[in-house]
2 protein chains.
Amino acid sequence: MTDIDSVLAALADDPYNAVVALDAPGVRAQQPGPGPLHRMPVAVKDLIDVAGMPTRCGSAVLADAPPATADAEVVVRLRAAGAVIVAKTHTHEFAYGPTGDVAVQGPCHNPHDPDRITGGSSAGSAAAVAAGMVPLALGTDTGCSVRTPAALCGVVGLKPAFGALPTAGVFPLSETCDHVGLLGADVTVVATAFGALTGQLLDPTAPLTGVVIGRPTDPYWRVHDPEIAAGVEHAAATLSVAGASVREVTMPGIDELGATYPVIVGAEAYATHREWLAQRPDDYQPATRARLLATARMPAADYVGAQRTRRSVSARLREQLGGVDLLLTPTTPIRATPIGAEHVEAPDGARVQVRPALLSLTLPFSLLGVPAVSIPAPGVTGLPAGVQLAGLRGGEQAVLAAAARVSSG
Amino acid sequence: MTDIDSVLAALADDPYNAVVALDAPGVRAQQPGPGPLHRMPVAVKDLIDVAGMPTRCGSAVLADAPPATADAEVVVRLRAAGAVIVAKTHTHEFAYGPTGDVAVQGPCHNPHDPDRITGGSSAGSAAAVAAGMVPLALGTDTGCSVRTPAALCGVVGLKPAFGALPTAGVFPLSETCDHVGLLGADVTVVATAFGALTGQLLDPTAPLTGVVIGRPTDPYWRVHDPEIAAGVEHAAATLSVAGASVREVTMPGIDELGATYPVIVGAEAYATHREWLAQRPDDYQPATRARLLATARMPAADYVGAQRTRRSVSARLREQLGGVDLLLTPTTPIRATPIGAEHVEAPDGARVQVRPALLSLTLPFSLLGVPAVSIPAPGVTGLPAGVQLAGLRGGEQAVLAAAARVSSG
């Protein structure tokens, strides 16, 4: 059995509902060229076009979608780097949710505990990497959708800077927040892939001497799980030992910034789905339909105002944090919750609303458009959690170098 | 009497309601440095901050505005180039209208016929230049507001590319369409000033050999005045003689593009004025209030959709017109109308709605964000009219070189 055959066998046996489409003969027919990803099997979130396969976005709305006639630009680049596209993976319906348990295919299951969510929306990509089916998968991240499933499944998830990877051929959720991102088994494979897709040479082993890392102390960043807090402490200590200067910072306006997210994404998502919602409302999962309709009557001035607040608070934060290279935060305030749960009692006793919690700590960096990576939180036992490094200066290189250091302990 | 004294005397005697604020002692106290605009008297639309003078935007809403504490960035640059700021000029209230006859100060009067409008919103800037009070004035242009008053008053008006001149310190109408622009007595002074403000050296005498100039033939561009049509013909002939290749082009989607303008500007303007409208509606002129309230209930999805259409049609047009350097069009389909008229019977017998007509032919280049200039239409008798040159390639340099050629006949 060739290596591709064994990958196909694992994908066909997927027990987590991570794989939504597999074209084994098509996969075997691919002739990967040379390149930094030569013969690497890569799974692609089913929100991203792969030529010859339909893009169904986890929805019955697109049950009859014809096969895509062309690869999305990022898939073109993956193939050009030598990768083999092996499967389409589960997405929360239309990427509009952070849990991964709302889709026409049913929920995606966390390989660390199949009764629990993977996080989303790039649910299947995270699960496939976590289960060892593929070393690398494509996802998309509007507010959390690469980083949160990476955290909950114990893998590495990179949301690059806004626009760093092309979104052509990717079904939109929010054009001013959508990012294409990468999920991988470790920092090295993510760095290699990001470099291959953008024509850069990244060095995740670059020294951290003199790098200034801020730890935001605002109440906004509070977590509900002491193991996650300990993981962030652990990461901070590792970065400090590696020569970084780690200091506490505050982010004035972070609550105001965060409040713009549901307005901006709500307006943009509804604009995309308005006609389908009117014509075939029953083809949506009820949770997705309700969420889309919640912003149907939003006045335009609210949206315009939210974009203004986003710009002004972002500018103020960048000025305020002018001397800081990276921010270190938890990725999520809680770990994977039971499938279908809307509220949970967290380890600290708080009653937590799952959906906003899973978005809260990642969405600021979507609004800011800066690169951010989630890596497994060191020292956590049981279900995995993530720590997040976000780059204010130095781009993906700086973020991945710090992530690599934390990962290697 | 010094030259500044004579300028101040003319501004103080202004019979057109072009000047809304004059600080003669302040003007005399200015010590202009050397620079390309050394000692040039410049008037500034009263939407743009000049330190020490209030910015009233033509509205009773700002009757009690304190003096601006700092110059707008573009005024800083004017002074750095040696200019003397001599007056604030009339603006259509909050720049939200193309006629110049709606403001707390009353209408601005066209120097070519004081019973007629100047066009707006940079009404006073156009009138002051047309009357010879100043050689140069600052205006702003969201859909037409430099080019239309320039056309109706017989002067030159440049709307540079979006973002080419800074809008910091300028009261916003629509952040995705607002441009700062220049009105001047001739192309040379406008080119000199634009060069001084941006650190470029522009050469309006550059040859036109090989320049491709498109003349759009879509019904959208139809005018209601045969003299304006003849002026465009005349300009085309001049450009052709000068070595340009003038050809007819079509602009598919131009109607769809144009229809996004009231949605985009309506949403953004209402978002700015929402609180004042609720608190002190009677401080607005009735026409401005009605126009602002007309978009109060617009759904966010309409706005998002309009911005999407703007982007997609713009991209298509740029591709379609890939071989074209400049477009030559009329600036407005009619000439200056009687003050207060909402409808007129045009020379071709059509009943024309004044406000949309005065915006229609200029707003596409606001939405596209490309530079566009209006210059007096050659050969027109009686009231002036304008021809417009818009740049798809080559920036302000290309636009101004063609404008200079048309101006010199």
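What to note about this one:
- Region A:297-331, subset among the hydroxyl-bearing types (S, T, Y) and touching a Ser or Thr at 6+ places or on another chain (Cβ under 8 Å), residue nearest to the other protein chains (Cβ to nearest Cβ): A:T309
- Candidate set: region B:274-296, residues that are outside any helix (DSSP H, G or I) and either loosely packed, with under 12 Cβ neighbours inside 10 Å or touching a residue at least 60 places away in the same chain (Cβ under 8 Å) (or both); chosen: the one farthest from the other protein chains (Cβ to nearest Cβ): B:Q285
For (1) hydroxyl-bearing (S, T, Y); (2) within 28 Å of A:P226 (Cα to Cα), each residue gets a yes or a no:
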| residue | (1), (2) |
| --- | --- |
| A:A301 | no, no |
| A:S314 | yes, no |
| A:V324 | no, yes |
| A:P338 | no, yes |
| A:G349 | no, yes |
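- Candidates in region B:239-271 are the residues that are outside any helix (DSSP H, G or I) and not small (G, A, S); of these, the one that is nearest to the chain's Cα centre (by Cα) is B:M251.
- Among the residues examined, A:A287 does not qualify as farther than 29 Å from A:D218 by Cα and touching a Phe, Trp or Tyr at 6+ places or on another chain (Cβ under 8 Å).
- Among the residues of region A:42-73, the ones that are over 21 Å from A:G100 (Cβ atoms) and among the β-branched types (V, I, T) come to 1 in all.
- Residue check for A:A237: away from chain B (no Cβ under 14 Å), within 27 Å of A:R335 (Cβ to Cβ) and without any contact (Cβ under 8 Å) to a residue 40 or more places away in the chain: yes
- Qualifying residues in region A:246-273 (those that are out of contact with any Leu (no Cβ under 9 Å at 6 or more places or on another chain) and more than 14 Å from every other protein chain (Cβ to nearest Cβ)) - the one nearest to A:S145 (Cα to Cα): A:A259
- Just one residue in the set A:T205, A:T192 is within 25 Å of A:A130 (Cβ to Cβ), surrounded by fewer than 18 Cβ atoms within 10 Å (Cβ to Cβ) and outside the structural domain of A:A402 (by TED's automatic domain parsing); that residue is A:T205.
- Exactly one residue among A:L239, A:L321 is of a type outside the set (G, A, S), more than 19 Å from A:S366 (Cβ to Cβ) and either in contact with a Gly (Cβ under 8 Å, 6 or more places away or on another chain) or in the same structural domain as A:Q388 (by TED's automatic domain parsing) (or both), and that residue is A:L239.
- A:D46 passes every criterion in (1) closer than 25 Å to A:L277 by Cβ; (2) surrounded by fewer than 18 Cβ atoms within 10 Å (Cβ to Cβ) apart from (2).
The values are calculated or read from the model by the stated rules, or taken from the named source; none is laboratory data. None of these values were measured; they are calculated from a predicted model. Cβ coordinates were reconstructed from backbone atoms using ideal geometry, including for glycine residues, and neighbour counts include every protein chain displayed.
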